[in-house]
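Peer 1: I'd like to ask some things about the structure below.
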Amino acid sequence: MNKTFRTIAFLCALGFVLGTAMAWYNEVRDSGASGFSRIEPAAGPGLAGASIGGPFTLVDQDGRTVTDKDYDGLYRLVFFGFSYCPEVCPTELRKMAQVMEALGPLADRVQPIFITTDPERDTPETLKQYVSLFHPRLVGLTGTAEQIKAAEEAYKVYAAKIPGDTPDGYTINHSAYTFFMGPDGAPLSMFAAEDGAAGIAADIRKVLEKGGA
Ligand code: NI
């Protein structure tokens, strides 16, 4: 074997090993049949002590300026998205409504909140119509580009505008976590798209019942 051939053989072997390892990883991850999947049925990772959330000043669907203080005393379910979102946002907001329904009378202590990542198109008027599609108590918040950016950063939300064919035809890639915050605005846990409404409601019920009436 000359040196070049040995090098090529080595690289081929390396490529095969890496390829196999990656295929295995993808398969295991997709199957959800290993430690990559969530262990608890729906419990999002605890966020106690995490620096998520915090003060915000935004505008609600009635055009009123609101801050996080307006929701003091209420637990909050907070989701970021945009009303033009074809699938993820409607799915997650429907789920939020199902969670509220599953909580029964306990839902009175929870404020569902939708914060837009698209302040350009999501005016208070647009949001008023949009939130009414999901739950009568769902609040829709928008604001200036700076206010929204500050809120996204506070919640560590990823949102990136993807240009479309027309100036108005853009879409927004965004993270899709639902944040569960305490009555003082402190973060408690976060739920992902794969967490079901029943499991989320059970988690929230546990917290609310422990927290007393
Ligand atoms: Ni969306």
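The values are calculated or read from the model by the stated rules, or taken from the named source; none is laboratory data. Predicted model, so just to flag it, every value in this text is computed and none were measured. When we count neighbours, we look across all protein chains shown, and the Cβ atoms used for this are built from the backbone with ideal geometry, even at glycine. What goes into the accessible areas is simple: the full protein's heavy atoms, side chains included, and nothing from ligands, DNA or RNA. Shrake-Rupley method; radii C 1.70, N 1.55, O 1.52, S 1.80 Å.
Peer 1: Once you wrap a convex hull around the alpha carbon atoms of the range 126-204, what is its projected area averaged over all directions, in nm²?
Peer 2: Numbers: hull surface 27.9 nm².
Here the figure is 7.0 nm², rounded to one decimal.
Peer 1: So what are the range 68-213's ellipsoid semi-axes, whole angstrom, largest first, if each one is the square root of 5 times an eigenvalue of the alpha-carbon gyration tensor?
Peer 2: 27, 15, 14
Peer 1: Consider just the alpha-carbon atoms of the range 73-134 and return their Rg together with their Dmax, both in angstrom.
Peer 2: Cα-based Rg and Dmax for the range 73-134 come out at 12.0, 36 Å.
Peer 1: Lysines within cross-link reach of K149: Cα-Cα under 26 Å, excluding same-chain residues under 8 positions apart?
Peer 2: K69, K95, K128, K161
Peer 1: Compute the signed sum of charges (Lys and Arg +1, Asp and Glu -1) over the other residues within less than 13 Å, Cβ to Cβ, of A197. Show your work: numbers first, answer last.
Peer 2: Numbers: positive: R94, K95, R205; negative: E92, E101, E194, D195, D203.
That sum, taken over residues with Cβ under 13 Å, equals -2.
Peer 1: Still on this structure, please answer the following. For E209, what accessible surface area do you get with a 1.4 Å probe? Give it in Å², rounded to 10.
Peer 2: For E209, solvent-accessible area is about 110 Å².
Peer 1: Same structure, new question: Could you pull out every residue, at least 5 positions away or on a different chain, whose amide H is within less than 5 Å of the one on G53? Hs are placed 1.01 Å off N in the peptide plane, and Pro or chain starts have none.
Peer 2: Y155, K156
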